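Asks: Take a look at this one; I'll ask things after.
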Amino acid sequence: MAHDRARADGTAAAAVGEPLVVLADVDKHFGALHVLQDIDLTVHRGEVVVIIGPSGSGKSTLCRSINRLEPIDSGTITIDGQPLPAEGKALARLRADVGMVFQSFNLFAHKTVLENVTLGPIKAKGMGRAEAKKLAMELLDRVGVANQAQKLPAQLSGGQQQRVAIARALAMRPKVMLFDEPTSALDPEMINEVLDVMTDLARDGMTMIVVTHEMGFARRAAHRVVFMDGGQIVEEAEPETFFTAPRSERAKDFLSKILTH
Ligand SMILES: Nc1ncnc2c1ncn2[C@@H]1O[C@H](COP(=O)(O)OP(=O)(O)OP(=O)(O)O)[C@@H](O)[C@H]1O
Ligand SMILES: [Mg+2]
């Protein structure tokens with residue numbers, strides 16, 4: 001299904017390919033709370049999907065279920081045609097296919113920036129040190145922090161740390177990147193430097209699932225906005241359509257709240 005379209009700034013979106021991440025009839029409870037209700041979501045290769053919705057609507061849980069940080073009660077999740085394995089080596093392999101970037105940067109505090117990025121390829125993929133270092137330096141350069149490689153994470157700004165976290169995830173050569181509110185812990189002046197890196201990634205054709213309320217990013221980079229509320233996908237649309245003409249009352253209500261502050 002190719003639904004590439006011109007971006008707001010005139011650059012063409014990368015063509016969108018076959019299904020890569022497929023959730024079908026996914027249900028999950030936390031005790032009495034039905035946190036994911038009958039979720040059907042297909043993300044295609046090269047597609048950028050922004051997930052938006054009120055606090056507690058299940059956005060993080062959905063992301064975490066995609067790389068099995070959270071088990072689901074029923075339904076299926078497949079990545080590139082493979083069902084999510086329950087445990088063991090197969091699960092480790094699958095996790096390598098799914099890069100994850102969180103709100104808190106989660107870097108290893110006592111390792112240098114370079115070591116943070118080389119660790120995964122060396123430990124999980126058996127890559128040689130020299131090759132891992134070369135790859136890491138390329139990726140740190142790509143996210144604009146190559147000159148920070150020998151520092152410890154605490155010596156970097158929040159925006160720089162988040163860009164290192166993105167480089168670290170990319171070092172595993174993931175098939176899809178999940179971002180869970182990657183800029184919401186950042187000071188305003190650092191938000192754009194992270195969003196710019198994400199926009200470049202999107203342009204390069206990375207498949208991305210991004211939980212964010214950054215509408216500028218959604219308009220610039222997303223093919224589709226998925227609106228969640230109360231554990232359900234309530235509405236999905238192209239960004240422009242969603243932000244200017246939401247259909248559901250719940251989306252209208254949510255947008256009126258985020259647009260007024
Ligand atoms: N480990 C857990 N145990 C019990 N309840 C949980 C757990 N994790 C999340 N929840 C609950 O599940 C619901 C959905 O949480 P989730 O973090 O997925 O929401 P969210 O949409 O990401 O919210 P936010 O915008 O605040 O990040 C919330 O009511 C939350 O309190
Ligand atoms: Mg969340």
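So that you can scan it fast, the table gives a plain yes or no per residue for (1) open to solvent by 30 Å² or more (accessible area, probe 1.4 Å); (2) out of contact with any strand residue (DSSP E or B) (no Cβ under 8 Å at 6 or more places or on another chain); (3) part of a loop (DSSP other than H, G, I, E, B); (4) at positive phi:
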position: Q103; (1), (2), (3), (4): yes, no, yes, no
position: N106; (1), (2), (3), (4): yes, yes, yes, yes
position: A109; (1), (2), (3), (4): yes, yes, yes, no
position: A136; (1), (2), (3), (4): no, yes, no, no
position: D141; (1), (2), (3), (4): yes, yes, no, no
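Asks: Considering region 221-234 alone, what residues qualify as being crowded, with 18+ Cβ neighbours inside 10 Å and farther than 12 Å from V49 by Cα?
Replies: Result: M228, D229, G231, I233, V234.
Asks: Taking the stated definitions as given, is V176 closer than 26 Å to V16 by Cα and either among the hydrophobic types (A, V, I, L, M, F, W, C) or touching a Lys or Arg at 6+ places or on another chain (Cβ under 6 Å) (or both)?
Replies: yes
Asks: So for region 167-177 (the condition being free of Cβ contacts under 8 Å to residues at least 60 places away in the same chain and either closer than 30 Å to S57 by Cβ or more than 16 Å from ligand 1 (Cβ to nearest atom) (or both)), does at least one residue qualify?
Replies: yes
Asks: Taking A96 as the residue in question, decide whether it is away from ligand 2 (no atom under 16 Å from the Cβ), open to solvent by 30 Å² or more (accessible area, probe 1.4 Å), farther than 18 Å from D38 by Cβ and not in a strand (DSSP E or B).
Replies: No: the conditions fail for A96.
Asks: State yes or no: is T118 modelled with pLDDT of 90 or more and surrounded by fewer than 21 Cβ atoms within 10 Å (Cβ to Cβ)?
Replies: no
Asks: Pick from A146, A237, A167, A245: which is aliphatic (A, V, I, L, M) and surrounded by 18 or more Cβ atoms within 10 Å (Cβ to Cβ)?
Replies: A167
Asks: Hey, D9 hits all of (1) at pLDDT 95 or above; (2) under 27 Å from E238 (Cβ atoms); (3) in contact with a helix residue (DSSP H, G or I) (Cβ under 7 Å, 6 or more places away or on another chain); (4) surrounded by fewer than 20 Cβ atoms within 10 Å (Cβ to Cβ) but one; which does it fall short on?
Replies: Condition not satisfied by D9: (1).
Asks: Taking only pairs six or more apart or across chains, which ones have beta-carbon atoms under 8 Å, a first residue in region 55-78 that is closer than 15 Å to M177 by Cα, and a second residue that is assigned to a helix (DSSP H, G or I) and modelled with pLDDT under 95?
Replies: Going by the 8 Å Cβ cut-off, the qualifying pairs are N67/L94; N67/R95; R68/L91; R68/L94; R68/R95.
Asks: If we keep just the residues of region 46-93 that are of a type in the set (A, V, I, L, M) and within 16 Å of ligand 2 (Cβ to nearest atom), which is most open to solvent (accessible area, probe 1.4 Å)?
Replies: Top of the filtered list is L69.
Asks: Being away from ligand 2 (no atom under 16 Å from the Cβ) and on the phi > 0 side of the Ramachandran plot is the filter here; which residues of region 144-181 pass it?
Replies: Those that are away from ligand 2 (no atom under 16 Å from the Cβ) and on the phi > 0 side of the Ramachandran plot: G144, R173.
The values are calculated or read from the model by the stated rules, or taken from the named source; none is laboratory data. Note that this is a predicted model, so its numbers are computed, not measured. Cβ coordinates were reconstructed from backbone atoms using ideal geometry, including for glycine residues, and neighbour counts include every protein chain displayed. Note: accessible area is taken over every heavy atom of the protein model, side chains too, but ligands, DNA and RNA are not part of it. Shrake-Rupley method; radii C 1.70, N 1.55, O 1.52, S 1.80 Å.
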